[in-house]
1. Hey, could you check region 278-297 for residues that are more than 17 Å from His207 (Cα to Cα) and in contact with a Gly (Cβ under 9 Å, 6 or more places away or on another chain) and say which is farthest from ligand 1 (Cβ to nearest atom)?
2. Could you please tell me which pairs satisfy a Cβ distance under 6 Å, a separation of 6+ or placement on different chains, a first residue in region 163-183 that is farther than 17 Å from Cys288 by Cα and in contact (Cβ under 8 Å) with a residue 60 or more places away in the chain, and a second residue that is outside any helix (DSSP H, G or I) and away from ligand 1 (no atom under 13 Å from the Cβ)?
3. So which of Gly244, Gly210, Gly238 ends up being assigned to a helix (DSSP H, G or I), among the small types (Gly, Ala, Ser) and surrounded by 21 or more Cβ atoms within 10 Å (Cβ to Cβ)?
4. Please list, ordered by residue number, the helices (runs of 4 or more DSSP H) wholly in region 84-150 having 2 or more residues that are free of Cβ contacts under 8 Å to residues at least 12 places away in the same chain.
5. So how many residues does region 304-338 have that are in contact with an Asp or Glu (Cβ under 8 Å, 6 or more places away or on another chain) and hydrophobic (A, V, I, L, M, F, W, C)?
6. Name the single residue, out of those in region 149-165 being among the aliphatic types (A, V, I, L, M) and out of contact with any Lys or Arg (no Cβ under 9 Å at 6 or more places or on another chain), that is nearest to Ala56 (Cα to Cα).
7. Considering every residue within region 66-75, establish whether at least one is at pLDDT 95 or above, buried (at least 21 other Cβ atoms within 10 Å of the Cβ), touching a Cys at 6+ places or on another chain (Cβ under 8 Å) and at negative phi.
8. How many residues does region 138-188 hold that are surrounded by fewer than 24 Cβ atoms within 10 Å (Cβ to Cβ), within 16 Å of ligand 1 (Cβ to nearest atom) and not aromatic (Phe, Trp, Tyr)?
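The values are calculated or read from the model by the stated rules, or taken from the named source; none is laboratory data. The shown structure was predicted, so the numbers you read here are calculated from the model rather than taken from an experiment. Backbone-built Cβ (ideal geometry, glycine too); neighbour counts: all protein chains shown.
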Amino acid sequence: EENDQNVLHKDASPVYQTDVNGDTGGSNTIRKGLLPEKKVVYVCSADFLSECDRIAKVPFRASITHALIEAYGLLSRMSVVPPKPATFEEICHFHSTDYIECLQRLCQDDDPDKYDEEAEEFGLGYDCPADEGVYDSASWAAGGTLTAAEHLVSGQCSVAINWAGGWHHAKRDSAAGFCYINDIVLGILKLRTKYDRVLYVDIDLHHGDGVEDAFCATSKVMTVSFHKYSPGFFPGTGNLSDTGIGKGAGYTVNVPLNEGCQDENFYRVFEKVMDIVKIKFDPEAVVCQCGADGLAGDPMDSFNLTTLSLAKCVQYLLNWSVPLLLLGGGGYHIPNTARCWTHITSVVTGTKLSSDIPEHRYFTLYGPDYDLMISPGNRADTNTPSHIKNVIAQISENLENLQ
Ligand SMILES: O=C(CCc1ccccc1NC(=O)c1cccc(C(F)(F)F)c1)NO
Ligand SMILES: [Zn+2]
């Protein structure tokens, strides 16, 4: 096999770290950051990929992403762990049994007129179709996130990755925004069996409303979502004034941004907000939804980010050296999404990658540049300095009062 798993990509120059007695390099210390060898769990298997390839709005995205990660030789830097699909019982640790039973029933029904009143009640219908295979792919994606979270809880790794997870719109008793099972909530509930304070960060283009709703009334889980917020833009929630309720008051953070957001503004806001979150909440574990639909070139055509800012956000969280669960999410320009999550995987494993896409099964998708990096479009960033300043000021004021 041309791509020997143990050979880093030809131009990759691993980043060296001086070891305890000061000498650098040597065969076994080609790592940066604080992760001990192989302490990154990457959830994947052939069954898992073929099930997640069937997710309707992102056909074959799971396999295309995995193939690029493999082509760059990154699998040898991680522990690859095969997941199982989440069971009905595991799924109902968050979702209502009525909703999940209805989802299962409809997915097995091939009658085009199957969307009865009950279906509508559970958000299942023409905008969230319960087609054949939807339950299976959603339960496999959720199983991947649970497997990743379990490896963090058991201490077997410090970072765990499920690029087929991140379905942040699903509610306790309803599908929404093509999300059917909220794997993120299930993963956070799993982490909460060990960690007292869990932080959720969402850098997808859209507001992470399903996760926010699940934890808006508790101070044990803080949710921080960075998203486009503008009239008529889905889901329409996630304004600055949305800060949590009851015991959770102040533990919901929303960072509403405008059209055209570029790397510089996005990362500037991210860093300023997360600096305060770290001081005021001091999380014991972090879950980050890395939705890539804010990238330049995405059919959502809303933000104008490149993988550099999204990868810098993950590097920022890595530097906290607390257990970190990384998930996918949106991302509808599939080669760019694969570029983004491969770039993030290289950051997590401390591996420098050549910007030349390696020859592999899906090489042709990366034309005409065949470059790992993407360029921003030339649309203006409508986030004015005063908007950015006001958002940061308001959020630090909201967090100031946190006990
Ligand atoms: O990406 C999402 C949800 C996207 C969404 C929510 C509600 C209604 C529609 C959508 N998604 C789309 O419109 C969509 C999904 C996949 C591909 C496209 C495409 F047509 F832009 F490619 C569009 N959340 O992070
Ligand atoms: Zn999205």
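1. Looking at residues that are more than 17 Å from His207 (Cα to Cα) and in contact with a Gly (Cβ under 9 Å, 6 or more places away or on another chain), I get Lys280.
2. Matching pairs, first to second residue: Arg172/His95; Arg172/Ser96; Asp173/Ser96; Ser174/Phe122; Ala175/Leu124.
3. Only one candidate qualifies: Gly210.
4. Per the criteria, 97-107, 117-121.
5. 4
6. Ile161
7. The answer is yes, given that some residue of region 66-75 is at pLDDT 95 or above, buried (at least 21 other Cβ atoms within 10 Å of the Cβ), touching a Cys at 6+ places or on another chain (Cβ under 8 Å) and at negative phi.
8. 4
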